[in-house]
Amino acid sequence: MLRITDTITIADWELTETFTRAQGPGGQNVNKVSTAVELRFEADRSPHLPPPVKARLRRLAGRRWTADGAIVLRAEETRSQARNRELARERLVELIRAALVAPRRRIATKPTLGSQRRRLAGKAARGEVKALRGKVEDAD
């Protein structure tokens, strides 16, 4: 059971962990011990997340979202398998918490008079620069 907020928890059946050998430092241990963790969360099938949260989660997950609707997170920073498991779970919790926050709707406002004047002055200056381009007449 993974606790996200007071109201949302993720069941164990939704999480799958696989362990592989990590890259990077580890001495002789790196070739023998499977310390890297690949955490797979079945986000699309999760009954604990409402549809809008799933949509935001899909956008936030990016390439980590698979075709069958799961999020795959990989942790291999430390030499300890237990610590890598914690890191992967913490990342998942952070990702879901970020998806829980609904973005505020943008309120359309009118451009200020000053900004309108600056825009038009810039357009006029640019037009003048372009008008000065072209063939040069001989003064003879």
From the list R40, R64, which residue is touching a strand residue (DSSP E or B) at 6+ places or on another chain (Cβ under 8 Å), of a type in the set (K, R) and within 18 Å of M1 (Cα to Cα)? R40
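Out of the range 91-135, which residues are basic (K, R) and under 30 Å from A55 (Cβ atoms)?
Filtering the range 91-135 for residues basic (K, R) gives 91, 97, 104-106, 110, 117-119, 123, 126, 130, 133, 135.
Answer for the range 91-135, where residues must be basic (K, R) and under 30 Å from A55 (Cβ atoms): R91, R97, R104, R105, R106.
Each row is one residue, and each column tells you yes or no for (1) within 20 Å of the chain's Cα centre (by Cα); (2) of a type in the set (K, R); (3) outside any helix (DSSP H, G or I); (4) on the phi > 0 side of the Ramachandran plot.
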{"residue": "Q28", "(1), (2), (3), (4)": "no, no, no, no"}
{"residue": "V33", "(1), (2), (3), (4)": "no, no, yes, no"}
{"residue": "R40", "(1), (2), (3), (4)": "yes, yes, yes, no"}
{"residue": "P52", "(1), (2), (3), (4)": "yes, no, no, no"}
Here the qualifying pairs (Cβ atoms under 8 Å; residues six or more apart or on different chains; first in the range 39-61 and over 25 Å from F19 (Cβ atoms); second surrounded by 13 or more Cβ atoms within 10 Å (Cβ to Cβ) and hydroxyl-bearing (S, T, Y)) come out as K54/S46
Considering only the range 1-48, how many residues are loosely packed, with under 12 Cβ neighbours inside 10 Å and of a type in the set (D, E, K, R)? 4
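Quick one: in the range 72-129, of everything that is β-branched (V, I, T) and farther than 26 Å from D6 by Cβ, which residue is modelled with the lowest pLDDT?
Taking the range 72-129 and keeping what is β-branched (V, I, T), we get 72, 78, 93, 96, 101, 107, 109, 112, 129.
Imposing the further condition that a residue be farther than 26 Å from D6 by Cβ reduces the set to 72, 78, 107, 109, 112, 129.
On the way: V72: 92, T78: 83, I107: 94, T109: 95, T112: 97, V129: 94.
Checking each candidate, the answer is T78.
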Which residues, taken from the range 65-92, are within 17 Å of the chain's Cα centre (by Cα), assigned to a helix (DSSP H, G or I) and surrounded by fewer than 16 Cβ atoms within 10 Å (Cβ to Cβ)? E90
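The values are calculated or read from the model by the stated rules, or taken from the named source; none is laboratory data. Just so it is clear, the structure is predicted and the values come from calculations on it, not from any experiment. Backbone-built Cβ (ideal geometry, glycine too); neighbour counts: all protein chains shown.
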